[in-house]
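A.B. asks: My structure is below; once you've seen it, I'll send some questions.
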Amino acid sequence: MKYLSFRTALLALLACGLIAACASPAFADDAAATYKSKCTICHGPDGKGTAVGTKMGAHDFASPEVKAETDAQLTDVITKGKGKMPAYSGKLKDTDIKDLVIYIRGLAK
Ligand code: HEC
């Protein structure tokens, strides 16, 4: 009995993991988690900017200004910082920053 319930739980866990892995590429999971923990305070979950963030000068990621910037420019802002935007070089890997740019473009749609 004990063994059976353990196995059922294990199977359920495995199935959930598989569905999650199929539903979204791994990078999106990582970028979403990083964004949520490090960026939402200022940029908001939807990238529109929180009261605090917009007061500091953050732009809506869906605004024409941000959309007009190249991926390289956005990467630069995240890596080196700009104005009140903190620099993340040394705190995040280059690949993480690259994934974040893709994630931000996704928010801007
Ligand atoms: C303390 C608040 C704060 C945090 C935390 C923060 N940002 Fe920003 N961010 C800003 C501000 C303010 C700007 C505008 C800088 C400027 O143009 O002077 C900005 C600008 C940007 C831009 C350029 C587009 C724009 O809005 O002008 C990108 C891209 C960006 N941030 C991404 C991120 C990512 C990714 C993270 C998390 C790793 C993050 N930011 C964390 C405040 C923040």
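The values are calculated or read from the model by the stated rules, or taken from the named source; none is laboratory data. It should be emphasised that the depicted structure is a prediction, and the values quoted were computed from it without experimental measurement. Just so you know, the surface numbers come from the protein's heavy atoms only, side chains and all, with ligands and any DNA or RNA stripped out. Shrake-Rupley method; radii C 1.70, N 1.55, O 1.52, S 1.80 Å.
A.B. asks: Which entries in K84/K109; K48/K84; K67/K91; K55/K98 show an alpha-carbon gap greater than 23 Å? Intermediate results must be reported in sequence, preceding the final value.
C.D. replies: On the way: K84/K109 25 Å; K48/K84 16 Å; K67/K91 25 Å; K55/K98 26 Å.
Violating the 23 Å limit, Cα to Cα: K84/K109; K67/K91; K55/K98.
A.B. asks: How do K109, K98 stack up against each other in accessible area, from largest to smallest, with a 1.4 angstrom probe?
C.D. replies: K109, K98
A.B. asks: For the range 25-107, what is the accessible area per residue in Å² when the probe is 1.4 Å?
C.D. replies: It amounts to 61 Å² per residue over the range 25-107.
A.B. asks: Computed over the Cα atoms of the range 25-107, what is the ratio Rg over Rh, Rh following Kirkwood?
C.D. replies: Expressed as Rg/Rh, it is 0.92.
A.B. asks: I'd like the carbon and sulfur percentage of the solvent accessible area for the range 25-107, probe radius 1.4 Å, heavy atoms only, ligands and nucleic acids excluded.
C.D. replies: 61 percent
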